[in-house]
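Asker: Below you will find the structure I want to go over with you.
The values are calculated or read from the model by the stated rules, or taken from the named source; none is laboratory data. Note that the structure is a prediction, hence the values are computed from the model and not measured. With ideal geometry, Cβ positions are generated from the backbone for all residues, glycine too; neighbour counts draw on all protein chains shown. Side chains are part of the model used for accessible areas, which takes the heavy atoms of the whole protein and leaves out ligands, DNA and RNA. Shrake-Rupley method; radii C 1.70, N 1.55, O 1.52, S 1.80 Å.
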Amino acid sequence: MKKLLIGLSSLVVLSTYLTACQGTKEKEQVNGIEKEESEVHTDEDHSHGDTNNFEAPEKINIEGVADHYHTGDAIELTAELDEETDYDHWHWYSRENADEEWEVVSGQETDTFTGEATIDGLEIKAVLFDHDHKPHVQSAPVKVVIDDHHGHDEESRQIYQGYFEDSQVEDRELSDWEGDWQSVYPYLLSGDLDEVFEHKAEDGDKTADEYKQYYTVGYETDVDRIIIEDNIVTFFENDNEYAGEYESDGYEILTYEAGNRGVRFIFKLVDGSDEMPQYIQFSDHNIYPVDSHHFHLYWGDDREALLDEVTNWPTYYPSELDKDGIVRDMLAH
C-alpha cells in the first residue's frame, strides 16, 4: 500500500512537471511568433499616410532618366539628396498619369530604382522617410517616355523599313527637327559604336569591320553640331559657327536599289550666312509630321544633285545623349 502511494505521488509530480514544461514551451513558441511578427514590415502596420499629399520638401534629385526609352529597356534611377542625413528608409512610387493615385513600387527600398520600360508616360518619384515613418524629403516626379520610333503595329514597321503608299506622305515643318543635335561620327572614330557594328553582323550580310567601313563613309562630316530653332539652322564646323533661315521646299520620294523607298523633306535658304548651303534635306524614316529623335542630313547648293547622294548621310542625335544612350538607341533598330 505504501509503495502504491509513493508511486501515485511520483506520477502526480511527473505529470505536474510535464505540464509545466509544455506550458513553457508553448509560451516560448508564442513569444517567438510575436517577436517575428513584430519585425515583419507590412503595409498594415506601416502606414505612409496619404501618398498623394506628401508634406515634404522636394530635396531629392533623380539621376539617370533617359531622354526616351524603347519598350523593354531597363530603367535605372538614382536618388541624390541635396543634404546629408542619417535616414535610409526609402520608397519609390509610380502612377500612370496625373489623374491616378501614387502606388508604392514593391521591392524598391533603397536610393536606387530598377525596372523595365513598359508604360509610356509613367511617372516615378522617390520619398525618404524619417525614423517615425513620416516623409522627410521627396523628389519631383520624373516621366518615362517610350518611343519605339517605328512603332509596334505592322503599318508603322513597314513605313520605317521604307514600304508605304504615296498617299501616306505629308508635308512637314522644320519644327519637327527642332533641337540641339550632335554628329555620331566622332563616336564612330573613337570606337564607341563598335558594339553596334558587331550586333549588326550577327544577322546581317557584312562583317563587323565591313559595317564599320560602310558607316564611316555614311557618317563622315565636319559639322559636328547643329541647332535648329524657329526656322533658324546653325552649323558648328571646325570651331566656326554659321546660321541661316530656311523655309519648306516640299519633299521628294526616292526609290532605292533594294526596292524600298524613303522621303527627303527639303528646305531652302531664304536668309543668312554665305557659308550655309542653299538646301538641306532631312531623312529620318518618318513620312508625316512627328518629332524626330535622330536624322540623316544632306546639304548643298544643287537640289537635284543632292537627291542622288546615297552614300554619305551625316547622322545626328540629341546633344544631351552620351555614348551609352546613342548605342542603346542604335541597338534598338
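Asker: Pull up the stretch 289-303, narrow it to residues that are out of contact with any Lys or Arg (no Cβ under 7 Å at 6 or more places or on another chain) and assigned to a loop (DSSP other than H, G, I, E, B), then point me to the one that is modelled with the lowest pLDDT.
Answerer: Ranking the qualifying residues of the stretch 289-303, first place goes to His293.
Asker: So Glu320 fits all but one of (1) in contact (Cβ under 8 Å) with a residue 24 or more places away in the chain; (2) farther than 30 Å from Gln158 by Cα; (3) open to solvent by 30 Å² or more (accessible area, probe 1.4 Å); what number is the exception?
Answerer: (2)
Asker: When you look at Glu173, is it open to solvent by 20 Å² or more (accessible area, probe 1.4 Å) and in contact with a strand residue (DSSP E or B) (Cβ under 9 Å, 6 or more places away or on another chain), yes or no?
Answerer: Values: open to solvent by 20 Å² or more (accessible area, probe 1.4 Å): yes; in contact with a strand residue (DSSP E or B) (Cβ under 9 Å, 6 or more places away or on another chain): yes.
The answer is yes for Glu173.
Asker: Would you check which residues across the stretch 96-110 are charged (D, E, K, R) and part of a loop (DSSP other than H, G, I, E, B) and list them?
Answerer: Looking only at the stretch 96-110, we keep the residues that are charged (D, E, K, R), and these are 96, 99-101, 103, 109.
Hits for the stretch 96-110 are Glu96, Asp99, Glu100, Glu101, Glu109.
Asker: What residue, of Tyr279, Tyr251, is open to solvent by 60 Å² or more (accessible area, probe 1.4 Å), at pLDDT 95 or above, of a type in the set (Ser, Thr, Tyr) and more than 21 Å from the chain's Cα centre (by Cα)?
Answerer: Unique residue meeting the criteria: Tyr251.
Asker: Restricting to the stretch 97-138, and then to whatever is open to solvent by less than 40 Å² (accessible area, probe 1.4 Å) and acidic (Asp, Glu), can you tell me which residue is farthest from Glu76 (Cα to Cα)?
Answerer: Checked the stretch 97-138; the qualifying residue farthest from Glu76 (Cα to Cα) is Asp130.
Asker: For residues that are touching a residue at least 24 places away in the same chain (Cβ under 8 Å) and either surrounded by 14 or more Cβ atoms within 10 Å (Cβ to Cβ) or among the hydroxyl-bearing types (Ser, Thr, Tyr) (or both), tally how many sit in the stretch 203-219. Walk me through how you get there before you give the answer.
Answerer: Just the residues of the stretch 203-219 that are touching a residue at least 24 places away in the same chain (Cβ under 8 Å), to begin with: 212, 215-219.
Within this subset, residues satisfying the condition of being either surrounded by 14 or more Cβ atoms within 10 Å (Cβ to Cβ) or among the hydroxyl-bearing types (Ser, Thr, Tyr) (or both) are 212, 215-216, 218-219.
Final tally of qualifying residues: 5.
Asker: Just checking, does the stretch 303-313 include any residue being open to solvent by 70 Å² or more (accessible area, probe 1.4 Å), touching a residue at least 24 places away in the same chain (Cβ under 8 Å) and of a type outside the set (Val, Ile, Thr)?
Answerer: Taking the stretch 303-313 as the starting set, the residues that turn out to be open to solvent by 70 Å² or more (accessible area, probe 1.4 Å) are 304, 308, 310-311.
Among the residues that remain, those that are also touching a residue at least 24 places away in the same chain (Cβ under 8 Å) are: 310-311.
Checking the rest, the ones that are also of a type outside the set (Val, Ile, Thr) come to none.
There is no residue in the stretch 303-313 that is open to solvent by 70 Å² or more (accessible area, probe 1.4 Å), touching a residue at least 24 places away in the same chain (Cβ under 8 Å) and of a type outside the set (Val, Ile, Thr).
Asker: Related question: Go through the stretch 45-95 and report how many residues are in a loop (DSSP other than H, G, I, E, B), of a type in the set (Asp, Glu) and either modelled with pLDDT under 80 or within 25 Å of the chain's Cα centre (by Cα) (or both).
Answerer: Pass one, the stretch 45-95, residues in a loop (DSSP other than H, G, I, E, B): 45-57, 64-68, 70-73, 82-88.
Going one step further and asking which of them are of a type in the set (Asp, Glu), we end up with 45, 50, 55, 67, 73, 82-84, 86, 88.
Filter once more, keeping what is either modelled with pLDDT under 80 or within 25 Å of the chain's Cα centre (by Cα) (or both): 45, 50, 67, 73, 82.
The qualifying residues number 5.
Asker: Determine whether Ala98 is aliphatic (A, V, I, L, M) and either at pLDDT 50 or above or at positive phi (or both).
Answerer: On the way: aliphatic (A, V, I, L, M): yes; either at pLDDT 50 or above or at positive phi (or both): yes.
Considered against the rule, which asks whether it is aliphatic (A, V, I, L, M) and either at pLDDT 50 or above or at positive phi (or both), Ala98 comes out as yes.
Asker: Considering each of Tyr93, Tyr69 in turn, give the residue that is of a type in the set (Ser, Thr, Tyr) and either within 22 Å of Gly325 (Cβ to Cβ) or open to solvent by 50 Å² or more (accessible area, probe 1.4 Å) (or both). Step through it out loud before you land on a result.
Answerer: Details: Tyr93 fails: either within 22 Å of Gly325 (Cβ to Cβ) or open to solvent by 50 Å² or more (accessible area, probe 1.4 Å) (or both).
After applying the criteria, what remains is Tyr69.
Asker: Let me ask you something else. Report whether or not Arg264 is part of a loop (DSSP other than H, G, I, E, B), open to solvent by less than 40 Å² (accessible area, probe 1.4 Å), under 24 Å from Glu304 (Cβ atoms) and in contact (Cβ under 8 Å) with a residue 40 or more places away in the chain.
Answerer: For Arg264, the condition - part of a loop (DSSP other than H, G, I, E, B), open to solvent by less than 40 Å² (accessible area, probe 1.4 Å), under 24 Å from Glu304 (Cβ atoms) and in contact (Cβ under 8 Å) with a residue 40 or more places away in the chain - is not met.
Asker: A further question on this structure: Given (1) at pLDDT below 95; (2) touching a Gly at 6+ places or on another chain (Cβ under 9 Å), where does Asp324 come up short, assuming only one miss?
Answerer: Asp324 satisfies every listed condition except (2).
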